[in-house]
Amino acid sequence: SPPEAEREIIDSLRRYGQIAPVVVCLCDGEYLLIDGFKRLAAARSIKGFDTLRARAMACDERAAKAAMYNLNRVGRGVQEIEEAWIVQALVREDGLSQVEAAELLSHHKSWVCRRLALLERLCPEAREDLSLGLLSPTQARQLVRLPVGNQVEALVVARRESLSSQEFRDVIELLLSSGTPEKKAFVLEKPRLALLQATGLTMPGWDPRLSPQGNRIQKQLGQLLEQLSRMENWLSHRGRGELAACDAVILRSSFEKVIQQSGLVETLTTDLLHACFPNLNSDTQHKDTTQ
């Protein structure tokens, strides 16, 4: 849970004491906490806060798991990974069918099936990352589209390249459509370049129609387009939310230089194209009217 939320609960306990009781149930002679986990953690961090009022529910282990889900879905909401653990426990440990688990948790069978898949169709490494919060449920849903034996490779690429969720989804698409081992290896080795090639933005390595100087510029253009695509993706999907306040202050001059340099490159590129193609504007207008 976010540190801000934890601090709010601690402050509330210190100022007002415990307002609402936690909820427990008696299973096999032991009391199990099913609602109030944050309050318990907060109380343990406050010196002298030794007891909490509790409301006991009479229920068996299955009903306790259902109550844990339904009580916690009110307010903060239950995280998708937590839902998956509860569903798996009901189906695999308690022997409920998927239909019975769906009825107990007030959901459709397809919802139960998706939550089970989130855990059981993942490789062990991905399940561990998911439980630790290193893999998001969105990424996990994409990963289960791959055979279990191929998931570790995709995980390694995502970590190595710090792929965004969108990039990760697109890389999974490329892996699924790779018809040969060579294509798959290329996607795993250079995922962003593979994505650029898939969208038609990258340049060929060598064009016999070009002079040596032309091929050198062609290569530089390909590298530039790849870097611009990566920066565009970062700005679109992560950007400011990923930077700390101190980062923004230090990086400000570099971002301002990007604006200045990109504007200058745009102007010079336009001048070059006009010099090479005097009828550039009329050609562009003609193209627009014929599309």
**OP:** Express in nm, to one decimal, how much length is gained between residue 55 and residue 261 on full extension, taking 0.36 nm for each residue of separation and deducting their alpha carbon distance.
**Re:** 67.7 nm
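Please report the projected area of the range 115-219's Cα convex hull averaged over all directions, in nm². Mind showing how you got there, number by number?
On the way: hull surface 30.5 nm².
Across all orientations, the range 115-219 yields a mean hull projection of 7.6 nm².
All other residues with a Cβ under 13 Å from the Cβ of residue 147 taken together, and with Lys, Arg as +1 and Asp, Glu as -1, what is their net charge?
Working: positive: 121, 145, 184; negative: 153.
Neighbourhood net charge equals +2.
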**OP:** Go ahead and run the numbers for FRET between residue 270 and residue 134, Cβ-Cβ distance against an R0 of 30 Å, rounding to 0.05.
**Re:** 0.10
**OP:** Anything over 27 Å Cα to Cα? Flag those among 190/219; 183/219; 184/257, in the order listed.
**Re:** 184/257
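Read the figures in this text as sums done on the coordinates, not as results from a lab. What you see is a predicted model, and the numbers here were worked out from it, not measured in a lab. Methodologically, a virtual Cβ is constructed for each residue, glycine included, from the backbone with ideal geometry; neighbour enumeration extends over all protein chains shown.
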